[in-house]
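The values are calculated or read from the model by the stated rules, or taken from the named source; none is laboratory data. Predicted model only: the values in this text are computed from it and were never measured. Ideal geometry is used to build each Cβ from the backbone, glycine not excepted, and the neighbour counts take in all protein chains shown. Heads up: the accessible areas ignore ligands, DNA and RNA and are worked out on the full protein's heavy atoms, side chains in. Shrake-Rupley method; radii C 1.70, N 1.55, O 1.52, S 1.80 Å.
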Amino acid sequence: QVQLVESGGGLVQAGGSLRLSCAASGRPFINYAMGWFRQAPGKEREFVAGITWGRSNTYYADSVKGRFTISRDNAKNTVDLQMNSLKPEDTAVYYCVAAYGRSGTLTEKDIDYWGQGTQVTVSS
């Protein structure tokens, strides 16, 4: 049974930082791109960041470039999202995702596995 389990969400003031972590289990994640999506209240779910399997190439939504950093540890099957200079508009449920053989910006139809989500709230 494949599981993606997120942790690290919470409440932070604007300008602060949070680090999200995702632990993947249930199968080898070789050749899987990993990433993060988010969904704010009343809005559609959107791509945040992605990282490929082999060369660990990274991709970001324009809204988070320069503030968020995605990384992965293939030996541990984990992927992290370091979020700095957080803004109230970053408030959302953040989802860890896995997509086989993908690279670049991910879309929802690319995703093979989803985590259950973790809440991030940024107060002004």
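Applying the selection to segment 9-26, what residues are outside any strand (DSSP E or B) and either over 23 Å from ASP62 (Cα atoms) or among the aliphatic types (A, V, I, L, M) (or both)? Quick ask: steps written out before the conclusion?
Kept after step one, since they are outside any strand (DSSP E or B), are these residues of segment 9-26: 9, 14-17, 26.
Passing the criteria: ALA14, GLY26.
Here is a check on your reading of the model: is PHE37 over 25 Å from SER63 (Cβ atoms), surrounded by 17 or more Cβ atoms within 10 Å (Cβ to Cβ) and either modelled with pLDDT of 95 or more or not aliphatic (A, V, I, L, M) (or both)? In short, no.
Here's the yes/no breakdown for (1) among the charged types (D, E, K, R); (2) over 17 Å from GLU6 (Cα atoms):
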position: VAL48; (1), (2): no, no
position: TYR59; (1), (2): no, yes
position: SER63; (1), (2): no, yes
position: ARG67; (1), (2): yes, yes
position: SER71; (1), (2): no, no
position: ASN77; (1), (2): no, no
position: TYR95; (1), (2): no, no
position: GLU108; (1), (2): yes, yes
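Contact map, segment 54-70: first residue closer than 12 Å to MET83 by Cβ, second residue hydroxyl-bearing (Ser, Thr, Tyr) and assigned to a strand (DSSP E or B), Cβ cut-off under 7 Å, separation 6 or more or different chains; pairs are PHE68/TYR60; ILE70/THR58. Confirm whether THR105 is outside any loop (DSSP other than H, G, I, E, B) and under 14 Å from the mean Cα position of the chain (by Cα). No, not satisfied.
Out of all the residues in segment 23-61, which are among the β-branched types (Val, Ile, Thr) and more than 14 Å from the chain's Cα centre (by Cα)?
Going through segment 23-61, the residues among the β-branched types (Val, Ile, Thr) turn out to be 30, 48, 51-52, 58.
Answer for segment 23-61, where residues must be among the β-branched types (Val, Ile, Thr) and more than 14 Å from the chain's Cα centre (by Cα): just ILE30.
In the set VAL2, VAL48, VAL12, VAL64, only one residue is under 16 Å from THR121 (Cα atoms), out of contact with any Cys (no Cβ under 7 Å at 6 or more places or on another chain) and surrounded by fewer than 21 Cβ atoms within 10 Å (Cβ to Cβ); that residue is VAL12. Out of curiosity, is PHE29 part of a loop (DSSP other than H, G, I, E, B), surrounded by 14 or more Cβ atoms within 10 Å (Cβ to Cβ) and either touching a residue at least 40 places away in the same chain (Cβ under 8 Å) or at negative phi (or both)? When the stated conditions are applied, PHE29 passes them. In this structure, does ALA98 turn out to be buried (at least 20 other Cβ atoms within 10 Å of the Cβ) and either basic (Lys, Arg) or at pLDDT 95 or above (or both)? Judged against the criteria, ALA98 is a match.
Quick grid of which residues meet (1) farther than 20 Å from GLY15 by Cβ; (2) open to solvent by 40 Å² or more (accessible area, probe 1.4 Å):
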position	(1), (2)
ARG55	yes, yes
TYR59	yes, yes
ILE70	yes, no
LYS76	yes, yes
LEU81	no, no
PRO88	no, yes
TYR94	no, no
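Applying the selection to segment 15-33, what residues are aliphatic (A, V, I, L, M), closer than 14 Å to ALA75 by Cα and modelled with pLDDT of 95 or more? Answer for segment 15-33, where residues must be aliphatic (A, V, I, L, M), closer than 14 Å to ALA75 by Cα and modelled with pLDDT of 95 or more: ALA23, ALA24.
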